[in-house]
Amino acid sequence: MESRTFRTDELVGLGVAVLLHIAIVAILLTQPEPEPVTVPERVTVSLATDVGLADTAPEPVPESRAPAAPVLADTPGALDTPPEVLPAPVPEIVPEAAPPPPRQRRTEAAPARRQPQARPNRPRQPQARRTPPRQPARRAAPERTSPQPAARRGGGSRIGADFLPGAGESTTSQETRAPARTFGAREAAGLRSAITRQLRPHWRSPQGVDADKIVTILTWRMNADGSLAGTPTVVSQSGINDANRAQAEVHAERAIRAVQLAAPFNLPEDFYDNWKYIRDWRFDRRL
């Protein structure tokens with residue numbers, strides 16, 4: 001069997017191909033590790049610059065009387081007047097008509113008898129039957145009715161600035177202005193939004209593999225002027241795995257640092273009892 005020998009040009013081409021493959025492998029081995037792809041953070045957009053923490057009147061009052069609607073009637077706007085008692089109607093007495101006297105027949109002297117003369121026979125006419133005179137009917141006396149009070153006139157209109165005055169539940173106060181509302185769910189949401197708005201500029205979540213899954217829960221106390229009454233405490237952490245375990249401690253340190261940089265907080269003094277102790281505040285990449 002004859003052995004094949006390579007020509008010079010074939011040997012040159014083979015050597016060039018081997019050198020190129022070695023160069024490509026060297027380039028791939030010397031490249032730095034690619035940076036991990038970072039997930040873009042969610043941005044919460046709010047068009048409101050300030051969040052109201054309470055619904056208050058221009059001049060809050062401690063208590064306000066209960067609303068009371070005015071008395072309505074057929075004549076709106078008329079003043080209330082006491083009912084008028086009308087006098088009882090006096091029955092009209094009609095005298096009875098006296099019956100006419102009976103007619104008396106006139107008696108004439110009987111004339112002297114004359115000799116009957118012959119008269120032609122005339123048909124006898126029937127005499128009209130006399131009917132007795134009608135007596136006028138007696139008018140019935142009206143029945144006596146009990147006096148009824150006149151209709152009471154109303155004293156209000158359905159529209160107007162003074163309709164249903166009063167905004168509270170007091171029965172002793174005459175104040176009609178609205179009192180300040182107490183702390184409720186709406187005020188709690190506004191307070192949480194105010195704290196988040198002051199923490200967000202100082203919070204930076206660490207970067208790394210699965211670092212966005214870490215959640216740190218803090219608790220801290222504050223004085224009446226918004227300053228911290230001690231160092232915030234880490235309550236718990238969640239979302240930790242083998243890939244991000246090294247970032248868990250950095251995550252907690254940055255959360256504590258954000259609270260310290262945001263202090264003193266600008267919060268309403270009226271609700272100090274509700275924000276002097278912040279419990280279980282959540283720090284994650286979506287703060």
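Nothing in this text is a laboratory measurement; each read-out follows from the coordinates by a stated rule. Values in this document were obtained by computation on a predicted structure and should not be read as measured data. Every residue, glycine among them, receives a Cβ derived from its backbone with ideal geometry; neighbour counts consider all protein chains shown.
So if I check each of GLU187, GLU269, GLU175, which one is under 30 Å from ARG65 (Cβ atoms), of a type outside the set (S, T, N, Q) and in contact with a Ser or Thr (Cβ under 9 Å, 6 or more places away or on another chain)?
GLU175
Pull out all pairs, ordered by first then second residue, where Cβ-Cβ is under 6 Å, the residues are six or more apart or on different chains, the first lies in the range 261-287 and is on the phi > 0 side of the Ramachandran plot, and the second is part of a strand (DSSP E or B) and surrounded by 15 or more Cβ atoms within 10 Å (Cβ to Cβ).
Listed by first residue and then by second, the contacts come to ASP280/ILE217.
Taking the options THR233, THR196, name whichever one is touching a residue at least 24 places away in the same chain (Cβ under 8 Å) and polar (S, T, N, Q).
Being touching a residue at least 24 places away in the same chain (Cβ under 8 Å) and polar (S, T, N, Q) holds for just one of THR233, THR196, which is THR196.
Name the single residue, out of those in the range 202-241 being surrounded by 17 or more Cβ atoms within 10 Å (Cβ to Cβ) and of a type in the set (S, T, N, Q), that is farthest from PRO268 (Cα to Cα).
SER205
This table checks each residue for (1) of a type outside the set (Phe, Trp, Tyr); (2) under 40 Å from the mean Cα position of the chain (by Cα); (3) surrounded by fewer than 15 Cβ atoms within 10 Å (Cβ to Cβ); (4) farther than 21 Å from ALA194 by Cα.
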| residue | (1), (2), (3), (4) |
| --- | --- |
| ALA243 | yes, no, yes, yes |
| ALA248 | yes, no, no, yes |
| ALA258 | yes, yes, no, no |
| PRO268 | yes, yes, no, no |
| TRP275 | no, yes, no, no |
| ARG279 | yes, yes, yes, no |
| PHE283 | no, yes, no, no |
| LEU287 | yes, yes, no, no |
